[in-house]
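Asks: Below is a structure I'd like to ask you about.
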Amino acid sequence: MKRMFVLAAIGLSGVAGAQTWDTELGKLQLTGCVGKQDGVYCDFNFTLTQKQTARMTWYVRDFKVFKPDGTAQIADKVAFVDGKFDNYMSSTQEIFAGVPVKVQAYFNIPSTTASFRAMEIDEKRFENIAIRAESGRPTTPATLPSAAGITGFSLSLSNCQLQGQNYVCTATLTPTK
């Protein structure tokens with residue numbers, strides 16, 4: 001019985017720490033990735049553990065993902081503490097030890113992406129990172145766009161999906177007599 005509890009504890013500790021990176025100055029934990037209208041945002045909590053205070057800088061190159069097609073992409077923007085993407089290449093703040101602070105990485109990829117094959121930070125990689133859809137975001141428009149300016153054809157649109165700020169649809173053109 002005691003052995004079963006030890007094995008269960010080992011198994012659960014592996015799951016709980018599955019998306020936490022140890023860095024030179026602390027711990028970075030992925031809290032989730034969300035597909036929003038203009039791309040995918042990944043949120044992290046960083047906790048300084050190796051000093052009492054530190055001036056920290058996160059760079060876009062610190063965050064690398066492998067997209068569903070297997071290609072690598074670094075973040076396009078990074079925000080630290082304040083959630084502002086002021087300087088696209090990096091974000092710097094002075095922080096205090098033991099207080100989790102927010103880090104956010106933005107990837108300019110289709111918001112409909114369901115997962116990353118992997119995410120790599122500080123040369124440590126984790127596989128199968130889920131991307132959830134932004135709550136309340138419609139996947140198909142309530143009313144389909146009109147086909148103004150097309151003459152000699154009837155147009156029907158189907159399979160409309162939101163990608164960034166635009167809808168991408170399958171169009172069927174049928175000649176009119």
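The values are calculated or read from the model by the stated rules, or taken from the named source; none is laboratory data. The shown structure was predicted, so the numbers you read here are calculated from the model rather than taken from an experiment. Virtual Cβ from ideal backbone geometry, glycine too; neighbours counted across all protein chains shown. What goes into the accessible areas is simple: the full protein's heavy atoms, side chains included, and nothing from ligands, DNA or RNA. Shrake-Rupley method; radii C 1.70, N 1.55, O 1.52, S 1.80 Å.
Asks: Need one number: nm distance between label points at Leu155 and Thr53, each 7 Å from Cα along Cα→Cβ, rounded to one decimal.
Replies: 6.0 nm
Asks: Run the numbers for Phe126 and Thr176: contour at 0.36 nm per residue of separation, minus the present Cα-Cα distance, in nm. Present the calculation step by step, with values, prior to reporting the outcome.
Replies: Details: separation 50, 0.36 × 50 = 18.00 nm, distance 5.43 nm.
Fully extending the segment from Phe126 to Thr176 adds 12.6 nm.
Asks: OK, next. Show Asp82, Asp62 ordered by accessible area, largest first, where the area counts protein heavy atoms only and the probe is 1.4 Å. Walk me through the numbers on the way to the answer.
Replies: Details: Asp82 75, Asp62 45 Å².
Of Asp82, Asp62, the descending order of accessible area is Asp82, Asp62.
Asks: For the stretch 48-130, what's the radius of gyration and Dmax over Cα atoms, in angstrom?
Replies: 13.9, 42
Asks: Can you give the net charge of the other residues whose Cβ lies under 14 Å from the Cβ of Asp122, counting K and R as +1 and D and E as -1? It would help to have the intermediate numbers written out before the result.
Replies: Details: positive: Lys27, Arg61, Lys64, Lys124, Arg125; negative: Asp22, Glu24, Asp62, Glu120, Glu123.
Residues close to Asp122 contribute a combined charge of 0.
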